[in-house]
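The values are calculated or read from the model by the stated rules, or taken from the named source; none is laboratory data. Remember, predicted model here, so these are calculated numbers, not experimental data. When we count neighbours, we look across all protein chains shown, and the Cβ atoms used for this are built from the backbone with ideal geometry, even at glycine. All accessible areas refer to the heavy atoms of the entire protein, side chains included, with ligands and DNA or RNA removed. Shrake-Rupley method; radii C 1.70, N 1.55, O 1.52, S 1.80 Å.
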Amino acid sequence: MSALLSTHGLIAGYGDMRALHGIDLRVDPGETVALIGANGAGKSTLLRAIMGLLPVAPDMIRLDGKPVGGSAPHRMVREGLAIVPEGRRLFTGMSVEENLRVASEHAADPVAEPWTLERVYALFPILKEKARISVENLSGGQQQMVSIGRALLAQPRLLLCDEISLGLAPKVVREIYAALPEISANGTALVLVEQDVGLAQRASQRLYCLLEGRVTLHGQSGEIARDAISAAYFGAS
Ligand code: ATP
């Protein structure tokens, strides 16, 4: 199968500070890939670079085999990428429904069944009840659901999720993760940046571990031993 998205020796950073030192990543159509690593390993930077939010050489990121590195974020959205950013970044002062509708304006061509407001409400029923409520009055978990729903309404082929479980109660995390298979069933590939390694392993088919801007381990999620993950996560001493 040819890759949906691949990165090739991807280098990115902030000004003179290099955060990624040559990342090779591959995501196939419809698959779920987890990205783990300690704070500061470069996970968010990798998602931002893929999304077009950081300057990158064209050949370092390929979508359907075509070089797209450094393309503007709105172009990446049109090509079928969407991000659930760290910290959710919702539009405060706007209702749940207004936040959800924003994404449809720049949507890509739908994958299989297009995402609609009704489908997002079926995925997260609480959002229908709260449709007219301003987002700052929602719980953290509900805000995360809005952030995911908003990204889905951009009709992504590839959804990049940055720590969607962060700061949420275990019950809410389970609820959000339970929605992911339905997103995959629509043909959407997922990249999950996740601090909880067990959760990352269970939710994905393949896993990459980053350490200080480099991939220290990758493989089939179900086959990687815990001690190999620990060594890759913390660095072999
Ligand atoms: P976390 O779990 O803390 O989000 P991460 O693996 O996502 O960690 P990044 O946020 O990608 O890591 O950070 C990688 C490196 O880039 C770190 O050294 C961090 O301090 C630095 N960095 C991240 N964002 C910026 C920024 N906006 N400006 C300058 N340096 C940054």
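Quickly run through region 183-237 and pick out the residues that are surrounded by 18 or more Cβ atoms within 10 Å (Cβ to Cβ) and among the basic types (K, R).
The answer is R206, and nothing else.
Name, by its number, the condition in (1) touching a residue at least 12 places away in the same chain (Cβ under 8 Å); (2) among the polar types (S, T, N, Q); (3) more than 16 Å from the ligand (Cβ to nearest atom); (4) surrounded by fewer than 22 Cβ atoms within 10 Å (Cβ to Cβ) that does not hold for N137.
(1)
Could you give every pair whose Cβ atoms fall below 8 Å, whose first residue belongs to region 213-236 and is closer than 19 Å to I23 by Cβ, and whose second residue is acidic (D, E) and open to solvent by 60 Å² or more (accessible area, probe 1.4 Å), counting only separations of at least 6 or pairs across chains?
V215/D24; G235/E212
Residues that are away from the ligand (no atom under 15 Å from the Cβ), at least 2 per element: which strands (runs of 3 or more DSSP E) completely within region 170-230 meet that?
On the way: elements: 189-193, 206-211, 214-220.
Output list reads 189-193, 214-220.
All but one of (1) touching a Pro at 6+ places or on another chain (Cβ under 8 Å); (2) within 29 Å of G235 (Cα to Cα) hold for P58; state the number of the condition that does not hold.
(2)
Please list, ordered by residue number, the strands (runs of 3 or more DSSP E) wholly in region 4-105 having 1 or more residues that are open to solvent by 20 Å² or more (accessible area, probe 1.4 Å).
Correct list: 5-14, 17-27, 61-63, 81-84.
Return yes when E86 is at pLDDT below 95 and in contact with a strand residue (DSSP E or B) (Cβ under 7 Å, 6 or more places away or on another chain) and no when it is not. Break it down into steps so the answer makes sense when it comes.
Values: at pLDDT below 95: yes; in contact with a strand residue (DSSP E or B) (Cβ under 7 Å, 6 or more places away or on another chain): yes.
Spelling it out, E86 is indeed at pLDDT below 95 and in contact with a strand residue (DSSP E or B) (Cβ under 7 Å, 6 or more places away or on another chain).
Return the residue satisfying two criteria in turn: it lies in region 143-185 and is among the polar types (S, T, N, Q) and in contact with a Pro (Cβ under 9 Å, 6 or more places away or on another chain), and of such residues it is farthest from P73 (Cα to Cα).
S147
Among the residues of region 100-108, is there at least one that is modelled with pLDDT of 90 or more, away from the ligand (no atom under 16 Å from the Cβ) and over 26 Å from Y14 (Cα atoms)?
Yes, some residue in region 100-108 is modelled with pLDDT of 90 or more, away from the ligand (no atom under 16 Å from the Cβ) and over 26 Å from Y14 (Cα atoms).
Which of the following residues is modelled with pLDDT under 95 and of a type in the set (S, T, N, Q): T45, T116?
T116
Only one of (1) at pLDDT 95 or above; (2) away from the ligand (no atom under 16 Å from the Cβ) is not met by S2, so which one is it?
So S2 meets the others, but not (1).
Within region 50-67, can you find the residues that are within 21 Å of C161 (Cβ to Cβ) and in contact with a helix residue (DSSP H, G or I) (Cβ under 7 Å, 6 or more places away or on another chain)?
Passing the criteria: M51, G52, L53, L54, V56, I61.
Please enumerate the residues belonging to region 141-169 that are part of a helix (DSSP H, G or I) and either among the polar types (S, T, N, Q) or surrounded by fewer than 18 Cβ atoms within 10 Å (Cβ to Cβ) (or both).
Initially, region 141-169 is screened for residues part of a helix (DSSP H, G or I), giving 141-152.
Across region 141-169, the qualifying residues are Q142, Q143, Q144, S147.
For every residue, the table says whether it meets (1) away from the ligand (no atom under 16 Å from the Cβ); (2) in contact with a Leu (Cβ under 6 Å, 6 or more places away or on another chain).
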| position | (1), (2) |
| --- | --- |
| S6 | yes, no |
| G15 | no, no |
| H21 | no, no |
| G42 | no, yes |
| T45 | no, yes |
| L54 | no, no |
| A57 | yes, no |
| I83 | no, yes |
| E86 | no, no |
